[in-house]
Amino acid sequence: MTAVALSAFGAHALDGALSERAMEVFQTAADYQFYHSLALVFITLLRMNYSASKKLKWSAGFFLGGIILFSGSLYLLSLSGIRWLGMITPLGGISFILGWLMLAIFAARDYSST
């Protein structure tokens, strides 16, 4: 929901208010938030059958952390122009990678054994 709302806000309310580059950064934040929100929904569905899976819990936590660090830092960077916020973004990217890694390990070890 928030990814859709922020994307619409960026497209309508910020159009012309931000530079083209800042708009691209804002849209990247919204895109990654949206993709990883869908991953969180997928994990929630998996947890219905694998509620005890620590790998799924870790994956969800990494995705949530990635959304906050990656998308959050890009939103703030594009709106404020504070450049040092860009140093936080890679931490969110690493969190996304770890989330996908944990989901892949779950799929290879836990899901495939059923």
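The values are calculated or read from the model by the stated rules, or taken from the named source; none is laboratory data. Note that this is a predicted model, so its numbers are computed, not measured. Here the Cβ is made from the backbone with ideal geometry for all residues, glycine too, and neighbour counts use every protein chain on show. SASA here: full protein model, heavy atoms, side chains in, ligands and nucleic acids out. Shrake-Rupley method; radii C 1.70, N 1.55, O 1.52, S 1.80 Å.
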Handout entry: Subset of the range 1-24 [over 15 Å from the mean Cα position of the chain (by Cα) and either of a type outside the set (A, V, I, L, M) or at pLDDT 95 or above (or both)]
Key = Phe9, Gly10, His12, Asp15, Gly16, Ser19, Glu20, Arg21, Glu24
Exercise for the section: For Tyr50, state whether it is among the hydroxyl-bearing types (Ser, Thr, Tyr) and outside any helix (DSSP H, G or I). Expected result: yes
Practice task
Confirm whether Leu79 is in a helix (DSSP H, G or I) and without any contact (Cβ under 8 Å) to a residue 60 or more places away in the chain.
Solution key: no
Exercise for the section: Restrict the check to the range 25-48 and report whether at least one residue is in contact with a Gly (Cβ under 7 Å, 6 or more places away or on another chain), open to solvent by 40 Å² or more (accessible area, probe 1.4 Å) and at pLDDT below 95. Expected result: yes
Handout entry: Enumeration of residues in the range 69-88 that are loosely packed, with under 15 Cβ neighbours inside 10 Å and under 22 Å from Val4 (Cβ atoms)
Key = none
Practice task
State yes or no: is Leu91 out of contact with any strand residue (DSSP E or B) (no Cβ under 8 Å at 6 or more places or on another chain), buried (at least 18 other Cβ atoms within 10 Å of the Cβ) and touching a residue at least 12 places away in the same chain (Cβ under 8 Å)?
Solution key: no
Practice task
Please work out which one of (1) open to solvent by 90 Å² or more (accessible area, probe 1.4 Å); (2) within 19 Å of Ala107 (Cα to Cα); (3) part of a helix (DSSP H, G or I) is the condition Phe62 fails and give its number.
Solution key: (1)
Handout entry: Single residue of Ala107, Ala52 found to be open to solvent by 70 Å² or more (accessible area, probe 1.4 Å), aliphatic (A, V, I, L, M) and over 27 Å from Ala29 (Cβ atoms)
Key = Ala52
